[in-house]
Each structure stands twice: as C-alpha cells, then as structure tokens.
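Reviewing the structure listed below.
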Amino acid sequence: MAGRKLEFDREEVLEKAMDLFWTKGYKATGLKEILEHVGIQRQSLYNTFGCKHELFLEAIRHYGNTSMRRFEEWLEEPGSPLGNIRNLFRFLAEEAANPQYRGCMLANTIMELAPHDPAVAQEVSLLTIRMEKAFERAIERAVAAKELPTDTNSRQLARFLYHVVLGFNVRGKANPGRSYIDDILEVALSLLE
C-alpha cells in the first residue's frame, strides 16, 4: 500500500516557516503559531518534518539555498569583481538602514541558537563557509583583474568582509540610524580601493 499523498506544497510550507522563524526567531515561535501560519495540521508537520527543531533546521537550509544563491550570483555578475562587492555592500547597507529591517536569518540564528545547539551550529557553519568562499572567489577574480594587489590574502579579506556583512545585520536590527550604517559602509568600501 502506497503512502498518503501530501495534501500541501512542501516547499510553500517550508518558505512560510522560514519567513516566520526569520521574523520571530526560533524560541519566540510556538508550534500552534507555526501550524496556523503555514496552514497544516500538527500530524502533517510531524509526518513531513519531524518536529519544530527539524523544521527549523530545514528552514535554515532553505534560506541557504535561496538567499545564499542570490548572494553568490550577485558576486559573480559580469564586469568588475570589486564593483560587485561594492554594490552588494551598498545594497546590504540600504537594507540594514530600513527601520523595519528584520536582519539576516543566518545572523539572527548565530546569535540566538548556534552557541547552544550543535545541530544549528553545524548548519550555520556550512553557510558561513559558503559565504566566505563566495567572497574569496570574488576577491581572487579582483586580483586576476588587477583591481587588487597580487599579494592580497583573499581568505583573510573574505573573512573580514563576511564579518562586515554580519555587522550590518546586527546593527541594522538595533536600528541605529542611517548615519551609523553609512559609517560602516564607508570604511568597508575604503578597504576595497
């Protein structure tokens, strides 16, 4: 006898769950609220995702497969590799300066759960490495294009740039005002000249 067919779109449920966790965080999101937000029954959630924690881990992976892909595509645009990094930073600063900014799901998760939850820490580590590698590849292309000196340590600069991104996310959630974000942006861009 074949298993019952899902009566909902798994990806749509995952997208909605990701959005809810991203906005409220893991601990502040109750199971009843998740079920109402995604529009499925408790048993369907258990049968499909296991439990709230497993759903959260899948939501992080989903975030990585969507948001990180856009991040990588941005850095791999044709033209100036350094220009791509600068444009990405300008975009991130603009986002972080928005009073309704909810941060980056990855940065939010790093602060809320990664220090205390090994499974979450592992997912966060994979996404962090992926993001750093995207920066590293862009920096290496900038060196090859003679936009940066040949002795540039691409790994170190990539890690620094990733932490500037984290800084935008953390400060943006605290809503410090536009001038604060612009100061961070200006210093970060000055390192890319």
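The values are calculated or read from the model by the stated rules, or taken from the named source; none is laboratory data. Please read all numbers here as calculations on a predicted model, not as lab measurements. FYI the Cβ positions are ideal-geometry reconstructions off the backbone, even for glycines, and counts take in every protein chain you see. Please note that ligands, DNA and RNA were not included when accessible areas were found on the heavy atoms of the full protein model with its side chains. Shrake-Rupley method; radii C 1.70, N 1.55, O 1.52, S 1.80 Å.
What to note about this one:
- For segment 87-116, the set of residues classified as assigned to a loop (DSSP other than H, G, I, E, B), open to solvent by less than 60 Å² (accessible area, probe 1.4 Å) and not aromatic (Phe, Trp, Tyr) consists of Ala97, Gly103, Cys104, Leu113, Ala114, listed by residue number.
For every residue, the table says whether it meets (1) over 22 Å from Thr128 (Cβ atoms); (2) touching a His at 6+ places or on another chain (Cβ under 9 Å); (3) not basic (Lys, Arg).
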position: Lys24; (1), (2), (3): yes, no, no
position: His37; (1), (2), (3): yes, no, yes
position: Phe49; (1), (2), (3): yes, no, yes
position: Asn65; (1), (2), (3): no, no, yes
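- Failed criterion for Thr152 (all others in (1) open to solvent by less than 50 Å² (accessible area, probe 1.4 Å); (2) within 18 Å of Glu186 (Cβ to Cβ) hold): (2)
- Some residue of segment 171-193 being open to solvent by 30 Å² or more (accessible area, probe 1.4 Å), in contact with a helix residue (DSSP H, G or I) (Cβ under 7 Å, 6 or more places away or on another chain) and among the hydrophobic types (A, V, I, L, M, F, W, C): yes
- Conditions (1) in contact (Cβ under 8 Å) with a residue 40 or more places away in the chain; (2) among the β-branched types (Val, Ile, Thr); (3) not in a helix (DSSP H, G or I); number of the one not met by Thr150: (1)
- Cβ-Cβ distances below 7 Å connect the following pairs, each with a first residue in segment 111-127 that is without any contact (Cβ under 8 Å) to a residue 24 or more places away in the chain, a second residue that is open to solvent by 30 Å² or more (accessible area, probe 1.4 Å), and a separation of six or more residues or different chains: Ala114/Ala121.
- Odd one out for Phe8 among (1) closer than 21 Å to Leu106 by Cα; (2) in a loop (DSSP other than H, G, I, E, B): (1)
- Sub-8 Å Cβ pairs linking a first residue in segment 40-59 that is at negative phi and β-branched (Val, Ile, Thr) to a second residue that is part of a helix (DSSP H, G or I) and surrounded by 14 or more Cβ atoms within 10 Å (Cβ to Cβ), at least 6 apart or interchain, are Ile40/Val13; Ile40/Thr48; Thr48/Val13, ordered by first then second residue.
- Hey, Leu166 farther than 14 Å from Arg86 by Cβ, within 21 Å of the chain's Cα centre (by Cα) and not in a loop (DSSP other than H, G, I, E, B) or not: yes
- Any chance Arg159 is surrounded by fewer than 18 Cβ atoms within 10 Å (Cβ to Cβ) and under 28 Å from Asn98 (Cα atoms): yes
- Taking segment 47-71 as the range and being surrounded by 15 or more Cβ atoms within 10 Å (Cβ to Cβ) and farther than 30 Å from Phe91 by Cα as the test, the residues that pass are Thr48, Phe49, Lys52.
- Answer residue from segment 72-86, given it is open to solvent by 20 Å² or more (accessible area, probe 1.4 Å) and in contact (Cβ under 8 Å) with a residue 40 or more places away in the chain and is farthest from the chain's Cα centre (by Cα) among those: Ser80
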